[in-house]
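The values are calculated or read from the model by the stated rules, or taken from the named source; none is laboratory data. What you see is a predicted model; the values in this text were computed from it and never measured. Every residue, glycine as well, gets a Cβ built from its backbone with ideal geometry; the counts of neighbours run over all protein chains shown. We work out accessible area using only protein heavy atoms, side chains counted, and drop any ligands, DNA or RNA first. Shrake-Rupley method; radii C 1.70, N 1.55, O 1.52, S 1.80 Å.
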Amino acid sequence: MQLNPNFPAVDPIPLPAPIWLLKLLHIVTLSLHFVAVEMLLGGLLLAVVLSICSRSTNCWVVARSLAKRLTVVMTYVINLGVPPLLFAQVLYGRALYTSTVLIGLYWISIIVILTFTYWMLYKFSARLEAGKSAWWVGLIAWLCCGFIARLLSTNMTLMLRPEVWRDMYSASGAGVYLPNGDPTLTPRWLLMLAGGLFIGGLWMVYLSGRTTFSAGEKSFLAGVGGKVAAVFGLIYLAAGLWAASVQPDVVKTGLQSHPLYKFAGFAGYGWLALVAVAILAAALAGFGKIVAGWLSWAAVLLAVLLEIMFTVYRDGVRDLTLLSKGYDVWDRVVVTNWSVVGLFLALFVAGLGVVAWLVSVVARAQKPMEGAA
Ligand code: HEM
């Protein structure tokens, strides 16, 4: 396949680590970013709806607890977004830098919107703590998150369309226009939004197993979270099939014939099976009114695994789309600097160990009951 002439020339500096390693790290960190993003998108909307209940009900206590946790979730969204951005730039720089520059004004605005959203999340939580009406503050924060998600989907799909870059640049070199005419953009964005309520519901099922909630709050969390996850799991499934069906034929054929993507994706069983099992687990909690530690941990495990499957499949969509335009991500000169790679991996593992230790310290700390004012 001839390389589309709109791709800039390749950087003469070789890659400092094997491509498989960069891709592995990219997929691991991006999957974790997606778990956090979905918790934010779904958990926030659920907290907004629940915060409309009257004070001192289980519903309101849960809204307050979700809101408090969302300020922490946001730190994970941001910190787990940085590593995949770096890996994506190393692997797909010629495509990603170009699309980023073409929507430059919007891309830069993410920093401002993100900072404002973070502030609104704290306001939302503080107003709920003070017993004040807060749904509108949370709703503004959610709309901002949805807009950021839209801009990210826009960039990640524009980077796959070198054929429109030249016209966009001729229209504006300042990045003031957003692209149009891409049938994959909206299904992809809606898939992430539906996934938010699905993962948000599973998050509530997880919380139903935590000891800081009273028995009444736990059964409320399992009941509402389970029902939301079961219903939005089905919508997520439908959105996934829609997003896959609008891919170009060459990409669909490539996905079906590639062993890894076939296993991971919609055409195979990985993602479908995990979503189906997660829907069943959620239905058990929601409609079967089951509150149990094993169910709560099953919800976490399923959420992480299905995001990994989704990320692998999504990676396949990108690689095959770019390949159909002559860009082969595996076709790069690599000169591995093993001492740097070794140091990086040692620090990476040590960092994960420190995070696990921090999480265990927080989990073991004495906490007041959530419902206590
Ligand atoms: C409220 C904040 C955020 C939301 C709602 C959000 C949402 C999303 C969504 C929906 C996608 C998938 C887009 C698609 O492929 O269709 C995405 C991808 C991504 N996000 Fe975030 N994000 C947020 C913040 C961040 C931040 C702060 C960073 C980096 C510092 C980041 C880095 C990334 C990267 C690198 C990708 C895609 C990587 C790739 O495809 O290789 N995100 N994000």
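Overview of values
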read-out: Cα long-axis angle, helix 104-129 against the chain (0 to 90 degrees, to the nearest 10); value: 10
read-out: Which of ASP315, ASP11, ASP182, ASP331 is most accessible, then next, and so on - probe 1.4 Å; value: ASP331, ASP11, ASP182, ASP315
read-out: Amide hydrogen neighbours beyond the local backbone of LEU15, cut-off 5 Å, H modeled; value: VAL333, VAL334, VAL335
read-out: Cα gyration tensor, segment 218-327 - rounded (a/c under 1.5), prolate or oblate; value: prolate
read-out: Per residue value of the accessible surface for segment 101-156 (all protein chains in place, 1.4 Å probe), Å²; value: 48
read-out: Top of ALA130, ALA285, ALA299 by mean-square fluctuation, Gaussian network on the chain, Cα under 10 Å; value: ALA130
read-out: Helix 293-323 axis, angle to the chain major axis (alpha carbon atoms, nearest 10°); value: 20
read-out: Per DSSP, loop trypsin sites (Lys or Arg not before Pro) in segment 55-120 with at most 16 further Cβ within 10 Å; value: ARG55
read-out: In Hz, Karplus ³J(HN,Hα) per residue of segment 333-346 (6.51, -1.76, 1.60; θ = phi - 60°; x = Gly, Pro); value: 7, 10, 10, 6, 9, 5, 5, 5, 4, x, 4, 4, 5, 4
read-out: In Hz, Karplus ³J(HN,Hα) per residue of segment 217-225 (6.51, -1.76, 1.60; θ = phi - 60°; x = Gly, Pro); value: 5, 4, 6, 5, 4, 5, x, 6, x
read-out: Tail fraction, Cα-Cα pairs, segment 19-69, threshold 18 Å, whole percent; value: 48
read-out: Taking all pairs of distinct alpha-carbon atoms in the chain, Kirkwood radius in angstrom; value: 21.9
read-out: In the chain, lysine pairs with alpha-carbon atoms under 27 angstrom apart (chain gap of 8 or more, or interchain); value: 22
read-out: Volume of the Cα convex hull of segment 1-158, divided per residue and given in Å³; value: 118
read-out: Counting all C-alpha pairs of segment 127-268, share separated by more than 27 Å (%); value: 42
read-out: Per-residue SASA entry for SER99, accessible area with 1.4 Å probe, Å² rounded to 10; value: 0
read-out: Solvent-accessible area per residue for segment 319-373 (1.4 angstrom probe, square angstrom); value: 70
read-out: Contact order normalised by residue count of segment 248-356, Cα under 8 Å, 6+ apart, percent; value: 28
read-out: Relative contact order of the chain, defined on C-alpha pairs under 8 angstrom at six or more residues apart (%); value: 24
